[in-house]
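First up is the structure itself, then whatever we jot down about it.
The values are calculated or read from the model by the stated rules, or taken from the named source; none is laboratory data. Keep in mind that this is a model prediction, so the values were computed, not measured. Every residue, glycine among them, receives a Cβ derived from its backbone with ideal geometry; neighbour counts consider all protein chains shown.
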Amino acid sequence: MERIYSYRMTTTSGGNLSILDDEGSIWITPARIDKGGLRREDIMEIRSDGEIVGPHKPSSEFPFHRMIYEARPDLRAIIHAHPVALVAFSICGRTPETRIFPKARVVCGEVGFAPYALPGSEALGLSIASEFAKGFNCVMLENHGVVVGGATFREAFMRFETLEFAAKTIVKASALGKVRHAGESDFAAEKRLGNPLQPFSPGKACSAEQELRRELAGFVRRGYRQRLLISTEGSFSARVSGDAFLITPRGCDRALLTPEELVLVGGGKAEAGKTPSFATRLHAAIYARHPQVKAIVNATPVNATAYAVAEEALDTRTIPESYVFLREVARLPLSILSEDPAAVASRLRPDFPVTLIENDGAMVLGTSLLDAFDRLEVLETTAEALINSRNLGPVKVMGEEVIKELCEAFHLPPA
């Protein structure tokens, strides 16, 4: 709840979470207790015989939690909250289309819809539980919010956060025009990139590698705090030397990543006992093709990603910093990920370090981790400013003479 509240995905009084334990007790957040200051001892236990244990009243929404567990014995954790983008869909009577990203479709599946009923009522419980009984793991509540379930709390949270991210992206992209959805061939592209590498045992890391591990893990966690990626999305890597590099592991929680979890890759092999990111082969090809690249980031900042799912191009001729740091942002179809990684790497230019991958997110190349992260932040602020400006009037982009002056002053190569 602290994590959900701190990222403004619920309010002080809104939302409730529960866990079903092995003894049949449901542990649930209390009614009318500040979500921003919730303590472990505040959580209420409702035992299988109906006995209530704890210092408060359990959430008034307990009935639908109980009914969902009865309808879906495979679920052991439930999240109900009011994140702003999903509430926008809720009050419009719509469900977000998770085919906007392959990852969202895999994590969330299709989304159900429960008609309105009085909060806390048996009717609401029946309405929601009937949708979960159909096999949905995420259910929109008409004029109310969303309910998400999982076999573990981590799985439920990943679905919840991913669904809210998809909804935010759709809202932002809709302001830019038509929203593009991923096709069936796009769903297989990531899997083709993710064929396992042969394992190797690298031995004890030298001090330089240990420091790079700390730096890389720190930037990943910082990117999560800055909302430049979510817990289920984003691959960061940094070159150690030659063809050796560190990369984020597959399936990790980006908010909690530790240096020890990072995977060392080199010579077409991966550190034994770990599973590197699906993007590993592509990162390896980029490092081999472009020696000046020392860091690569695949991330999903919501405003930049909105451009990746809309048809409108992201114009960086807004302020000098945007053009100097980003240059002209390239755009590639998601289907390119099914091609040979070396062929993809040949289409990237380090002097034009930012590329949007349609229905995926942003890829940023850097001469260092700081350089790549800085460009990622500039990309997101530029995209957000452009989207916000649509309510103010036409954007007055910098003209050719200004661009020429910037290129000469900062020694930028021509487009």
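Looking at (1) over 19 Å from Ala279 (Cβ atoms); (2) in contact with a strand residue (DSSP E or B) (Cβ under 9 Å, 6 or more places away or on another chain); (3) surrounded by fewer than 17 Cβ atoms within 10 Å (Cβ to Cβ); (4) in the same structural domain as Arg289 (by TED's automatic domain parsing), which is the one condition that is false for Leu314?
(3)
Being touching a helix residue (DSSP H, G or I) at 6+ places or on another chain (Cβ under 7 Å), touching a residue at least 12 places away in the same chain (Cβ under 8 Å) and buried (at least 20 other Cβ atoms within 10 Å of the Cβ) narrows it down to one residue among Asn303, Asn298; which is it? Step through it out loud before you land on a result.
Numbers: Asn298 fails: touching a helix residue (DSSP H, G or I) at 6+ places or on another chain (Cβ under 7 Å).
From the options Asn303, Asn298, the qualifying one is Asn303.
Looking only at residues that are surrounded by fewer than 11 Cβ atoms within 10 Å (Cβ to Cβ) and over 24 Å from Leu228 (Cα atoms) in the range 378-400, which one is nearest to the chain's Cα centre (by Cα)? I'd like the intermediate steps shown before the answer.
In the first step, residues of the range 378-400 are kept if they are surrounded by fewer than 11 Cβ atoms within 10 Å (Cβ to Cβ); the result is 391-394, 396, 399-400.
The next check asks that each one be over 24 Å from Leu228 (Cα atoms); those that pass are 392-394, 396, 399-400.
Values: Leu392: 29, Gly393: 31, Pro394: 31, Lys396: 32, Gly399: 35, Glu400: 36 Å.
Among those residues, the one meeting the criterion is Leu392.
When Val240 is evaluated against the numbered criteria (1) crowded, with 24+ Cβ neighbours inside 10 Å; (2) more than 30 Å from Ala167 (Cα to Cα); (3) of a type in the set (Val, Ile, Thr), which criterion, by number, is the only one it fails?
(1)
Filter the range 351-374 for residues that are more than 19 Å from Thr169 (Cα to Cα) and surrounded by fewer than 21 Cβ atoms within 10 Å (Cβ to Cβ); which is farthest from the chain's Cα centre (by Cα)?
Only one residue fits best here, namely Asp351.
Kindly indicate whether any position in the range 164-171 is in contact with a Cys (Cβ under 9 Å, 6 or more places away or on another chain), in contact (Cβ under 8 Å) with a residue 24 or more places away in the chain and of a type in the set (Val, Ile, Thr). Quick ask: steps written out before the conclusion?
If we filter the range 164-171 for residues that are in contact with a Cys (Cβ under 9 Å, 6 or more places away or on another chain), which is where we start, we get 166.
Filter once more, so that each one left must be in contact (Cβ under 8 Å) with a residue 24 or more places away in the chain: 166.
Filter once more, keeping what is of a type in the set (Val, Ile, Thr): none.
Looking for residues that are in contact with a Cys (Cβ under 9 Å, 6 or more places away or on another chain), in contact (Cβ under 8 Å) with a residue 24 or more places away in the chain and of a type in the set (Val, Ile, Thr), one finds none in the range 164-171, hence no.
Mind checking which residues of the range 205-226 are under 23 Å from Val378 (Cβ atoms), out of contact with any strand residue (DSSP E or B) (no Cβ under 8 Å at 6 or more places or on another chain), in a helix (DSSP H, G or I) and of a type outside the set (Ser, Thr, Tyr)?
Ala217, Gly218, Arg221, Arg222, Arg225
Go through the range 245-280 and report how many residues are under 15 Å from Pro199 (Cβ atoms) and either more than 17 Å from the chain's Cα centre (by Cα) or crowded, with 19+ Cβ neighbours inside 10 Å (or both).
Kept after step one, since they are under 15 Å from Pro199 (Cβ atoms), are these residues of the range 245-280: 247, 249-250, 263-276, 280.
Then keep just the ones that are either more than 17 Å from the chain's Cα centre (by Cα) or crowded, with 19+ Cβ neighbours inside 10 Å (or both); that gives 247, 263-276, 280.
Within the range 245-280, residues that are under 15 Å from Pro199 (Cβ atoms) and either more than 17 Å from the chain's Cα centre (by Cα) or crowded, with 19+ Cβ neighbours inside 10 Å (or both) number 16.
Just to be sure before I move on: is Ile296 out of contact with any Asp or Glu (no Cβ under 6 Å at 6 or more places or on another chain), β-branched (Val, Ile, Thr), outside the structural domain of Phe165 (by TED's automatic domain parsing) and in a strand (DSSP E or B) in the structure I sent?
Values: out of contact with any Asp or Glu (no Cβ under 6 Å at 6 or more places or on another chain): yes; β-branched (Val, Ile, Thr): yes; outside the structural domain of Phe165 (by TED's automatic domain parsing): yes; in a strand (DSSP E or B): yes.
For Ile296, the condition - out of contact with any Asp or Glu (no Cβ under 6 Å at 6 or more places or on another chain), β-branched (Val, Ile, Thr), outside the structural domain of Phe165 (by TED's automatic domain parsing) and in a strand (DSSP E or B) - is met.
Would you point out the residue of the range 89-138, among those that are buried (at least 21 other Cβ atoms within 10 Å of the Cβ) and charged (D, E, K, R), that is nearest to Ser174 (Cα to Cα)?
Across the range 89-138, the extreme among qualifying residues is Lys103.
Restricting attention to the range 96-115, does a residue exist that is within 18 Å of Thr11 (Cα to Cα) and either assigned by TED's automatic domain parsing to the domain that holds Phe160 or aliphatic (A, V, I, L, M) (or both)? I'd like the intermediate steps shown before the answer.
Filtering the range 96-115 down to residues within 18 Å of Thr11 (Cα to Cα) leaves none.
Scanning the range 96-115 turns up no residue that is within 18 Å of Thr11 (Cα to Cα) and either assigned by TED's automatic domain parsing to the domain that holds Phe160 or aliphatic (A, V, I, L, M) (or both).
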